[in-house]
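Working notes, beginning with the structure itself.
The values are calculated or read from the model by the stated rules, or taken from the named source; none is laboratory data. Given the structure is predicted, the values throughout are model-derived calculations rather than measurements. Positions of Cβ are backbone-derived with ideal geometry, glycine not excepted, and every protein chain shown enters the neighbour counts. These area figures cover heavy atoms from the full protein model, side chains too; ligands, DNA and RNA do not enter into them. Shrake-Rupley method; radii C 1.70, N 1.55, O 1.52, S 1.80 Å.
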Amino acid sequence: MLQEKYMRQAIELAKKGTGWVSPNPLVGAVIVKEGSIIGSGYHERYGELHAERNALAHCIESPAGATMYVTLEPCCHTGKQPPCTEAIIEHGIRKVVIGSRDPNPLVAGKGVQILREHGIEVVEDFLREECDVLNPIFFHYIQTKQPYVAMKTAMTLDGKIATYTGASKWVTGEEARLQVQKLRHQYRGIMVGVGTVLADNPSLTCRIDGGRNPMRIICDTHLQTPLDANVTDTSQAPTILATCNTNEADWQPYLLKKCQILIVEEQRGHLDLQDLVEKLGKMKIDSVLLEGGGTLNDAALQAEIVQKYYAYIAPKIFGGKDAKTPVEGCGVAMPDEAVRLCNVKMEQIGTDYRLEGDVAYVHRDC
């Protein structure tokens, strides 16, 4: 079916904006006239043209009377760019086929209403499930004002993230590690605990050509990050030190290195992670890749701030009762209290496997 072909082309275009448009959504658009594609485009960078205006700008002939296929309801408000509904009306588009509905209160059906009021035929929910897959981050952020948090772990078949000596390089192979770099490009922030900084001294940058470095977020309750740690080198990427330490004298050495200090509420001697994600959301950080150790991972699940889980599993067995696991803490008392994964997918990556799914807590259905 040609209509499906056009929308799927718009979906593929939208994906090209991955890592660059946050906190905006990924959107692609294709314009068809008399059975031929005359223009296409996608939202390429935050602050730049939206997909609809980009597609109109690349038309090879007049789009008057054409049909536009767009993966998300066109916006009808002024932000970094003027409303896309205005451009659609001004260029004489006859019909608009829409994939996802926009939950942004500034849009949320208003874009469709405006188009119809101007005599434009609108088809909604076309390949909606496929279009919705593009924007779980945007949908979560726009509705909760908090970042979409994805937990990533790399472990052996027996659930170890390191040997009993603490050695962890490398649990998984090169192909799996490349996939993780792509996740770092995709997510706006990357979060670890100070324990990881002290043990591994990671840089937490995106090591792929043309990739975007995430904002580094260090959960450091008492402000113990070494001043010579790689994450304090803000020439590579910005760093936020989330802490409960309110002593401004302790902040100064980090501020001189251009690190940001973010004061977070304390809860039982540790950072209140719910307070942290609320504050990150206000900073327009729409997504966070959590690459923490077992203690931070447990705290994040306990606080119910995690929406997605990526598990990279190597067909190896480390063994060892003292070898570290991805999630520590006390654990659950009964199997039916477990955090579950829904919409699970699994694929082989090189010699390893990646399992991913949406996180469902005990009181929530899949």
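Assorted remarks:
- The angle between the Cα long axis of helix 273-282 and the main principal axis of the chain comes to about 40°, on a 0 to 90 degree scale.
- Distance violations [Cα-Cα > 19 Å] among K308/K345; K16/K95; K152/K345; K5/K345; K16/K110; K182/K308: K16/K95; K5/K345; K16/K110
- Entry for region 62-144 at q = 0.18, 0.19, 0.22, 0.23 Å⁻¹: log10 I(q)/I(0) = -0.73, -0.81, -1.05, -1.13, Debye formula applied to identical alpha-carbon scatterers, no solvent contribution.
- When all alpha carbon pairs of region 103-182 are counted in 5 Å bins from zero, the resulting P(r) reads 3, 10, 12, 14, 12, 10, 10, 8, 6, 6, 4, 3, 1, 0 %.
- When only alpha carbons of region 283-333 are considered, Rg and Dmax amount to 13.3, 42 Å.
- Across the chain, counting alpha-carbon atoms alone, Rg and Dmax equal 22.7, 69 Å.
- Highest average first, the peptides 38-46, 97-105, 333-341 ordered by how many other beta carbon atoms sit within 10 Å of their residues are 97-105, 38-46, 333-341.
- Debye intensity ratio I(q)/I(0), log10, region 173-332, q values 0.17, 0.21 Å⁻¹ (C-alpha model): -1.09, -1.59
- Overall form of region 1-56 per C-alpha gyration tensor (a/c, 1.5; a/b vs b/c): oblate
- For region 108-151, the fraction of alpha-carbon pairs lying more than 13 Å apart is 67 percent, rounded to a whole number.
- Counting only protein heavy atoms and a probe of 1.4 Å, the accessible surface of the chain is 50% carbon and sulfur.
- Surface accessible to a 1.4 Å probe, per residue, for the residues of the chain, Å²: 48
- Share, in percent, of DSSP beta bridges within the chain that are antiparallel, nearest 5: 40
- Length added when fully stretched, K321-L227, from 0.36 nm per residue minus Cα-Cα: 30.5 nm
- Partner aspartates and glutamates for K80 [C-alpha distance under 16 Å; skip if fewer than 8 residues away on the same chain]: E44, E48, E52
- The label-point distance for E129 and Q252, in a model that sets each label 7 Å from Cα toward Cβ, rounds to 6.1 nm.
- Nearest-ten-degree value, helix 2-15 long axis tilted from longest Cα axis of the chain: 40
- The share of Cα pairs per 10 Å bin across region 1-117, counted from zero up to the longest distance, runs 15, 52, 30, 2 percent.
- Peptide ranges 172-179, 242-249 listed from the most packed, as the mean C-beta count within 10 angstrom indicates: 172-179, 242-249
- Spherically averaged projected area of region 249-366 from its Cα convex hull (nm²): 11.0
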